[in-house]
Amino acid sequence: MKRLMLIAALAASASACVEGNRPVQLLEARPLDPTSDCEPGGPVLNGRLNFDISQQYRMAFTLASPLGDTSGASLDFYGEEIILSYEARNPSVSLKEERRPIYLVVQGADDDSTVEVNLIGDEARPRLETSVPSSPEAMTLLVSMKIAGKLSSGASVETNEVKFPIVISREGNPCAAGEVPTLGEGNAACFNPGQDGQAFTCQTP
């Protein structure tokens, strides 16, 4: 499986809603497994985040492209910008759309690539800092994501938009002062304690 990494500080539901007949489709959401070299797992419907431990949420999405021209040759998609927008519930919080430049290539007729994204943008993060309630209360953040770019023909296109819900609350940080969450034998790049109940231990750095 080819894995297309978005190297951007953004680092979206299996049934994420897919709209329209876009030339490149964002499909199911797949969590990254820090114990298995960050390979994407099976599709998931939503996410959970303990904001006391982490202020980012990392997810992989499957990408598929049926593109081909009239001669049967494939047409490649070049992603140039990722677009994130938000709807926050309980409480309702106004969050701006965020756009980040990226470099991404999806080859025509490719149906087995993944793209990895941090769904909580730099502008959303400080707004959430003052809005996320303490457990057992929780807010729901609906993250909408799409990728804009060009085809190898030069035409400007966008992927479909997916909407992924994340339940966010403050459940406390079990690590004592001076300790940090760790995966144990090294820390994989996708290790994000606080996300979806990822297991960790507390250690002194």
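The values are calculated or read from the model by the stated rules, or taken from the named source; none is laboratory data. Predicted model, so just to flag it, every value in this text is computed and none were measured. Note that we place each Cβ from the backbone using ideal geometry, even for glycine, and neighbour counts take in every protein chain shown. Areas reflect the complete protein model, heavy atoms only, side chains present, ligands, DNA and RNA absent. Shrake-Rupley method; radii C 1.70, N 1.55, O 1.52, S 1.80 Å.
Taking Glu116 as the residue in question, decide whether it is open to solvent by 40 Å² or more (accessible area, probe 1.4 Å) and either among the acidic types (Asp, Glu) or on the phi > 0 side of the Ramachandran plot (or both). Can you show your working first?
Details: open to solvent by 40 Å² or more (accessible area, probe 1.4 Å): no; either among the acidic types (Asp, Glu) or on the phi > 0 side of the Ramachandran plot (or both): yes.
Spelling it out, it is not the case that Glu116 is open to solvent by 40 Å² or more (accessible area, probe 1.4 Å) and either among the acidic types (Asp, Glu) or on the phi > 0 side of the Ramachandran plot (or both).
Is it the case that Ser85 is part of a strand (DSSP E or B), open to solvent by 10 Å² or more (accessible area, probe 1.4 Å), modelled with pLDDT of 95 or more and of a type in the set (Ser, Thr, Tyr)?
Working: part of a strand (DSSP E or B): yes; open to solvent by 10 Å² or more (accessible area, probe 1.4 Å): yes; modelled with pLDDT of 95 or more: yes; of a type in the set (Ser, Thr, Tyr): yes.
So Ser85 passes the test.
Considering only residues of the range 172-195 that are open to solvent by 70 Å² or more (accessible area, probe 1.4 Å) and closer than 29 Å to Val115 by Cβ, which is farthest from the chain's Cα centre (by Cα)?
Filtering the range 172-195 for residues open to solvent by 70 Å² or more (accessible area, probe 1.4 Å) gives 173-174, 177, 185, 187, 189.
Now restrict to residues that are closer than 29 Å to Val115 by Cβ: 185, 187, 189.
Working: Glu185: 25, Asn187: 19, Ala189: 14 Å.
Only one residue fits best here, namely Glu185.
Does the range 119-137 include one or more residues that are surrounded by fewer than 19 Cβ atoms within 10 Å (Cβ to Cβ) and within 17 Å of Ala60 (Cβ to Cβ)?
No, the range 119-137 contains no residue that is surrounded by fewer than 19 Cβ atoms within 10 Å (Cβ to Cβ) and within 17 Å of Ala60 (Cβ to Cβ).
Taking only pairs six or more apart or across chains, which ones have beta-carbon atoms under 7 Å, a first residue in the range 83-104 that is within 14 Å of Glu161 (Cβ to Cβ), and a second residue that is basic (Lys, Arg) and at pLDDT 95 or above?
As it stands, the answer is Ile83/Arg99; Ile83/Lys146, since those pairs meet every condition given.
Report whether or not Gly79 is outside any strand (DSSP E or B) and open to solvent by less than 40 Å² (accessible area, probe 1.4 Å). Full working, then the answer.
On the way: outside any strand (DSSP E or B): no; open to solvent by less than 40 Å² (accessible area, probe 1.4 Å): yes.
Judged against the criteria, Gly79 is not a match.
Select the strands (runs of 3 or more DSSP E) contained entirely in the range 115-205, then report the ones holding at least 3 residues which are touching a Ser or Thr at 6+ places or on another chain (Cβ under 9 Å). Before you say what the answer is, go through the steps one by one.
Numbers: elements: 139-151, 156-158, 162-169, 180-182, 201-203.
Filter on the range 115-205 gives 139-151, 162-169, 180-182, 201-203.
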